[in-house]
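**Q** Below is a structure I'd like to ask you about.
The values are calculated or read from the model by the stated rules, or taken from the named source; none is laboratory data. As the structure is a computational prediction, the values presented were derived from the model and not from experiment. Cβ sites come from the backbone with ideal geometry, for glycine too, and all protein chains shown count toward neighbours.
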There are 2 protein chains.
Amino acid sequence: MVDFIGTERVQELVARRGTARFIKELAAEIESDYLRWSAFDKSPRHATHSSVGVIELMPACDGRLYAFKYVNGHPKNTAVGLLTVTAFGVLADVQTGYPLLLSELTLTTALRTAATSALAATRMARAGSRVMALIGNGAQSEFQTIAFHHMLGIREVRLYDTDARATDKLERNLARLRLPGLKVARCASTAAAVEGADIITTVTADKCNATILTPDMIAPGVHLNAVGGDCPGKTELHREILLRADARVVVEFEPQSRVEGEIQQLDADFPVTELAAVLTGERPVRTSERDVTIFDSVGFALEDFSSLRYLLRIHHEERGAQQQIDLVPDLDDPKDLFALLVPQPASVVARPGVPA
Amino acid sequence: MVDFIGTERVQELVARRGTARFIKELAAEIESDYLRWSAFDKSPRHATHSSVGVIELMPACDGRLYAFKYVNGHPKNTAVGLLTVTAFGVLADVQTGYPLLLSELTLTTALRTAATSALAATRMARAGSRVMALIGNGAQSEFQTIAFHHMLGIREVRLYDTDARATDKLERNLARLRLPGLKVARCASTAAAVEGADIITTVTADKCNATILTPDMIAPGVHLNAVGGDCPGKTELHREILLRADARVVVEFEPQSRVEGEIQQLDADFPVTELAAVLTGERPVRTSERDVTIFDSVGFALEDFSSLRYLLRIHHEERGAQQQIDLVPDLDDPKDLFALLVPQPASVVARPGVPA
């Protein structure tokens with residue numbers, strides 16, 4: 001039997017843990033894996049593109065555990081009442097190849113993306129950052145707000161989305177959350193939202209080369225958390241922002257980000273720093289209060305690996321519905337797979353009958 | 001909700017359908033997909049190797065449906081009571097990216113491998129083939145026997161395995177099956193088993209360059225169904241067998257088979273024919289009663305794609321336990337993912353409570 005965490009169970013786990021604690025623990029789990037970056041078998045994700053979206057498989061392995069995530073991206077789904085992004089994944093034991101856990105990863109991906117964004121910002125943003133602009137107020141925006149509020153001490157979020165209903169929804173959810181000491185300001189434009197911000201988070205969804213931010217909007221010292229541009233042909237930043245002399249660009253896994261990140265707009269030799277080297281302290285990126293730091297995030301399989309291991313741990317720690325599924329056969333004699341299909345002598349454990 | 005077919009449900013489906021009918025229908029489903037070979041987005045599988053085994057992801061897509069299989073190969077597992085190969089897979093809708101079915105594929109892989117072997121043999125073996133040698137009597141051997149008995153009219157199987165207990169197990173299971181008119185003969189060696197056989201099926205498991213068959217064992221006109229050699233460093237045939245002037249070698253997907261099949265022993269320009277071209281009749285391989293035909297099978301993702309679609313269909317047709325799992329969230333507003341985690345107004349459908 002394989003442990004199963006469905007949508008309801010992950011809701012229950014987040015509820016029992018508390019959202020802020022869940023994100024902080026998840027960020028610590030992700031950091032612990034980035035700190036042993038060289039232990040991982042890394043490969044760019046396998047993507048299958050169609051005219052309406054993409055389906056991806058993202059494997060990662062540390063020699064002891066293996067994980068993969070299935071994730072889709074279909075921007076037009078919302079028009080028919082479906083999510084743009086859904087995901088699930090599996091954690092398996094490298095020693096036997098057996099799956100250990102199947103889990104939903106739709107909610108979890110939003111949580112781990114926010115945890116990773118905030119984790120990167122703790123090492124990249126100016127100390128004392130208090131104001132964050134949040135451009136794109138869709139499915140991920142609440143998660144980003146919670147992570148930055150709890151992990152960086154953000155005290156003001158400045159909201160903007162081209163769709164006013166998205167901002168309505170975000171305001172409503174934040175009001176219900178009542179994050180202590182957090183001011184929520186609705187802005188009339190991206191330019192108005194980023195004015196005076198210490199951190200700018202872009203998390204827009206259109207699958208196109210958009211220009212959400214232009215160079216004139218970027219004040220010295222700001223940290224850009226660029227989350228929305230994450231596949232070929234999907235970017236958010238004007239390339240001049242990346243090319244600024246004082247810009248320091250951090251990516252998760254360089255070979256993947258060259259294809260999928262904001263840096264797909266630049267030459268292949270444009271200098272970037274991998275997040276792992278920033279977290280270990282090997283390559284600090286911010287050298288002054290006036291540097292512009294950019295986390296060109298696309299999401300990497302290691303973050304899902306960490307998430308699945310974290311989920312399995314708290315699934316066993318927290319009470320509630322601990323479902324299992326019979327995804328793999330359990331045999332008396334592992335060389336006798338066919339025993340599952342033939343009538344057995346009476347001494348053998350009962351199973352569904354099979355006609356002669 | 002996503003349809004779920006576990007081990008018990010697949011046992012039930014095979015029981016309700018009958019093993020022979022299941023394999024024949026599955027072979028027809030696989031053939032129908034090979035007949036539209038060019039419609040598929042094909043890629044070699046993604047393999048993660050360790051010192052004890054391999055974990056693979058095998059995606060396939062026809063533009064309408066997407067499927068992938070997770071499969072491991074761990075030869076030493078049986079020593080600790082576990083299966084060498086376990087597998088599961090997912091069928092998804094390309095239009096939305098949503099998963100439709102999660103299914104066990106351990107039993108199903110054995111069924112689809114046998115179905116594919118027999119399907120290939122119907123176009124490659126001599127007409128009137130009645131005797132099959134079966135070298136390797138492990139987990140897959142019963143499935144191969146049933147498929148060749150029902151789809152090719154095999155009337156005698158000649159068994160050999162280096163492990164006598166494997167042959168004991170196969171004999172016992174075949175006796176329980178009582179396949180009408182099938183003679184089962186136990187042989188003292190591979191050479192004795194293949195003597196006079198029309199078809200030789202090799203389905204051994206050791207992860208090494210073995211030489212199960214040598215050139216002197218191969219009589220003119222025989223068909224070789226070489227199933228066991230299926231990853232780098234794992235082969236069964238002496239290379240001279242492949243190089244014989246009258247040998248006609250068929251593979252599933254050439255780029256994958258060059259790395260994983262028996263032909264990994266040969267130069268990259270050694271001529272092979274893809275199964276799809278044999279099935280469409282575009283490139284018939286057997287030109288005389290004396291040709292030696294070789295199906296160098298490694299298993300291709302298309303076969304799992306066909307299997308998942310077939311399983312989903314009969315899962316809806318056959319009564320019994322039709323389980324579903326909450327692998328993907330169902331939201332009132334697809335842009336409001338966070339609604340799953342915040343307390344909602346009373347008008348909204350009940351879900352697990354979340355603390356403020």
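**Q** Need at least 1 residues that are of a type in the set (S, T, N, Q) per element, so show me which strands (runs of 3 or more DSSP E) inside the stretch B:22-102 make the cut, counting only ones lying wholly within it. Walk me through it before giving the result.
**A** Details: elements: B:46-49, B:54-61, B:65-73, B:87-93.
In the stretch B:22-102, B:46-49, B:65-73 are the strands (runs of 3 or more DSSP E) which contain 1 or more residues that are of a type in the set (S, T, N, Q).
**Q** Condition first: more than 9 Å from chain A (Cβ to nearest Cβ) and within 28 Å of residue A:6 (Cβ to Cβ). Now tell me which residues in the stretch B:2-22 satisfy that.
**A** The initial filter retains those residues of the stretch B:2-22 that are more than 9 Å from chain A (Cβ to nearest Cβ), namely B:3, B:5, B:13, B:17, B:20-22.
Of everything in the stretch B:2-22, those that are more than 9 Å from chain A (Cβ to nearest Cβ) and within 28 Å of residue A:6 (Cβ to Cβ) turn out to be B:3, B:5, B:13.
**Q** Scan the stretch A:103-118 for residues that are outside any loop (DSSP other than H, G, I, E, B) and either over 23 Å from residue A:15 (Cβ atoms) or facing another protein chain (nearest Cβ under 10 Å) (or both) and jot them down. Please lay out each step first, then the result.
**A** From the stretch A:103-118, those outside any loop (DSSP other than H, G, I, E, B) are A:103-104, A:106-118; that's our starting set.
Of everything in the stretch A:103-118, those that are outside any loop (DSSP other than H, G, I, E, B) and either over 23 Å from residue A:15 (Cβ atoms) or facing another protein chain (nearest Cβ under 10 Å) (or both) turn out to be A:103, A:104, A:106, A:107, A:109, A:110, A:111.
**Q** Restricting the search to the stretch A:33-47, which residues are within 17 Å of residue B:56 (Cα to Cα) and not aromatic (Phe, Trp, Tyr)?
**A** Hits for the stretch A:33-47 are A:41, A:42, A:43, A:44, A:45, A:46, A:47.
**Q** Here's a check for you: in the stretch A:119-135, which residue that is touching a Phe, Trp or Tyr at 6+ places or on another chain (Cβ under 8 Å) and over 26 Å from residue A:63 (Cα atoms) is farthest from the other protein chains (Cβ to nearest Cβ)?
**A** A:124
**Q** Out of all the residues in the stretch B:63-88, which are over 13 Å from residue B:139 (Cβ atoms), within 7 Å of chain A (Cβ to nearest Cβ) and surrounded by 22 or more Cβ atoms within 10 Å (Cβ to Cβ)?
**A** Within the stretch B:63-88, B:66, B:68, B:70, B:72, B:88 meet the criteria.
**Q** Here is a follow-up. Output the qualifying pairs, or none if there are none: Cβ atoms under 8 angstrom, residues six or more apart or on different chains, first residue in the stretch B:1-27 and under 13 Å from residue B:112 (Cβ atoms), second residue of a type in the set (Asp, Glu).
**A** B:10/B:104
**Q** Now for a different question. Please count how many residues of the stretch B:7-18 are among the polar types (S, T, N, Q) and touching a helix residue (DSSP H, G or I) at 6+ places or on another chain (Cβ under 6 Å). Outline the logic, then answer.
**A** Looking only at the stretch B:7-18, we keep the residues that are among the polar types (S, T, N, Q), and these are B:7, B:11.
Still in the running and touching a helix residue (DSSP H, G or I) at 6+ places or on another chain (Cβ under 6 Å): B:11.
Final tally of qualifying residues: 1.
Here's the yes/no breakdown for (1) over 23 Å from residue A:214 (Cβ atoms); (2) small (Gly, Ala, Ser); (3) touching a strand residue (DSSP E or B) at 6+ places or on another chain (Cβ under 7 Å); (4) not assigned by TED's automatic domain parsing to the domain that holds residue A:123:
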{"position": "A:233", "(1), (2), (3), (4)": "no, yes, yes, no"}
{"position": "A:240", "(1), (2), (3), (4)": "no, no, no, no"}
{"position": "A:244", "(1), (2), (3), (4)": "no, no, yes, no"}
{"position": "A:249", "(1), (2), (3), (4)": "no, no, yes, no"}
{"position": "A:266", "(1), (2), (3), (4)": "no, no, no, no"}
{"position": "A:287", "(1), (2), (3), (4)": "yes, no, no, no"}
{"position": "A:293", "(1), (2), (3), (4)": "no, no, yes, no"}
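**Q** Give me the residue from the stretch B:1-50 that is in contact with a Cys (Cβ under 9 Å, 6 or more places away or on another chain) and among the small types (Gly, Ala, Ser) and, out of that set, modelled with the lowest pLDDT.
**A** B:47
**Q** A follow-up question, please. Out of the residues in the stretch A:201-234 meeting the condition of being in a strand (DSSP E or B) and of a type in the set (Val, Ile, Thr), tell me which one is surrounded by the fewest Cβ atoms within 10 Å (Cβ to Cβ).
**A** A:211
**Q** Are any residues in the stretch A:51-96 among the hydroxyl-bearing types (Ser, Thr, Tyr) and at pLDDT below 95, and if so, which ones?
**A** A:51, A:78, A:84 - these are the residues of the stretch A:51-96 that are among the hydroxyl-bearing types (Ser, Thr, Tyr) and at pLDDT below 95.
**Q** Which condition from (1) among the hydrophobic types (A, V, I, L, M, F, W, C); (2) within 24 Å of the chain's Cα centre (by Cα); (3) in a helix (DSSP H, G or I) is the one that residue A:192 breaks?
**A** Going through (1) among the hydrophobic types (A, V, I, L, M, F, W, C); (2) within 24 Å of the chain's Cα centre (by Cα); (3) in a helix (DSSP H, G or I) one by one, residue A:192 breaks only (2).
**Q** When the stretch B:89-98 is examined, which residues are found to be under 20 Å from residue A:68 (Cβ atoms), at the interface with chain A (Cβ under 7 Å from one of its Cβ atoms) and not aliphatic (A, V, I, L, M)?
**A** Across the stretch B:89-98, the qualifying residues are B:97, B:98.
Residues checked against (1) surrounded by fewer than 18 Cβ atoms within 10 Å (Cβ to Cβ); (2) more than 8 Å from chain A (Cβ to nearest Cβ); (3) under 22 Å from residue A:52 (Cα atoms); (4) aliphatic (A, V, I, L, M):
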position: B:28; (1), (2), (3), (4): yes, yes, no, yes
position: B:39; (1), (2), (3), (4): yes, yes, yes, yes
position: B:43; (1), (2), (3), (4): yes, no, yes, no
position: B:51; (1), (2), (3), (4): yes, yes, no, no
position: B:57; (1), (2), (3), (4): no, no, no, yes
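**Q** Here is a follow-up. Residue A:18: under 20 Å from residue A:89 (Cβ atoms) and small (Gly, Ala, Ser), yes or no?
**A** In short, no.
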